[in-house]
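Remarks on the structure that follows.
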Amino acid sequence: MQRTTSTNGLLSPLKDFQSETEVDFKKYDQIVKTKDKIFDEICREIHVQKHQEIRSVFLNKRNVPKESICLWLENVCSLLEQFCIPTLYGAMANCDEQNRKVIKSQKTIIDLQAEVIKKSDLELASVKSTVKEELKSVQTTVQSEMKSYSSVLSKTCSAALSQRKLQSAVKLAAAKEDRSRNVVIYGVKEEAGETLHDKSLKILRDIGERPMVRECCRIGQKRGDKPRPVKLCFSDSDIANQVLRKARLLRMKEGYSSVYICPDRTVEERKAYRKLLEELKTLREAEPDKVFTIRNGKVVRISEDSRSVPGAVS
């Protein structure tokens, strides 16, 4: 049996919520306000300032009417029974519902993750199978080509190359590839405490080039006052070739009469190139009315119209 609202009207603001079971923040707020009104009335009657100061010792005084105490108790009991407890149950039910939704959402996420993993495993297995088949095909092709190549070598070569010769050839090819990225500058004045990198960049700027220089150093042993060559390393051979194509422009610049840029040659290549220079000098002295140059490892005579051929040494 439900309790009736007290005559002082403290619970009257809650009458609109009596039939509600859903969780409502307005209902929470009204319950708290009603509780505060009851406690405020008690504080005024027993002459205390705060709700926390309400004690039985104050309520048991003669000046506090028994009728007021009974009315307060009735209101508090009604507030608890009719509103606080049902609201608490509603909040608990709402929490349970939210938990069920969260659990359902988590299960959905787990199922989706499992599906993604399964799909990824299937795709990975398919990729592995395809790669395995491709590797097998490539291996078969390589083996076939190797057998064919071996057969050709055995028929055309009088003697098989030794392992040492093969290693030497590989090293030579690798060294040639590395050298193709370099240039060597001769005639650059050598000074104590010099900033070689800045000197080299200035030379390159004077022929209209601004490449990224990966490494810059002098090579060889110091002999007397003769400056050692400067080796510049670039990222690829195209940059080195571009610098070599413009190397002849140094002759037209003041202060570079004895400075020249050459490819990075091996010891054997330098010896061969010196012989070509000697041959070139001899021909020019013997036939001063003709034009000779070094092209593709040979001394050749060129016409007046082709003196500006890139890569030619005049």
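Excluding same-chain neighbours fewer than eight residues apart, the aspartates and glutamates reachable from K281 by a Cα-Cα span under 14 Å are D289.
For N63, neighbours were defined as the other residues whose beta-carbon sits under 14 Å from its Cβ, and their charges (Lys and Arg +1, Asp and Glu -1) total +2. Name the residues of the range 239-270 whose amide N is less than 17 Å from a point 7 angstrom out from the Cα of D178 along the C-beta direction? Output list for this probe position: 264-269. Each label was represented as a point 7 Å from its Cα along the Cα-to-Cβ direction; for L112 and V142 these points are 4.4 nm apart.
With both labels modelled 7 Å from their Cα along Cα-to-Cβ, the V267 to I103 distance reads 8.5 nm. For R228, the shell of other residues with beta-carbons less than 9 Å away shows a net charge of +3, using +1 for Lys and Arg and -1 for Asp and Glu. Exceedance of the 21 Å cut-off in Cα-Cα distance is limited, within the set K226/K298; K199/K222; K202/K253; K33/K66, to K226/K298; K33/K66.
Note on C84 and M212: the extension gain reaches 38.1 nm, defined as 0.36 nm multiplied by sequence separation minus the Cα-Cα distance.
Dimensions of the range 186-251 from C-alpha coordinates, computed as largest minus smallest value along each principal axis and given longest first, are 34, 25, 18 Å.
Computed from the coordinates by the stated procedures, all read-outs in this text should not be read as laboratory data. On a predicted model such as this, the values are computed, not experimentally measured, just so you know. Neighbour counts are summed over all protein chains in view; Cβ atoms, including those assigned to glycine, are modelled from backbone coordinates with ideal geometry.
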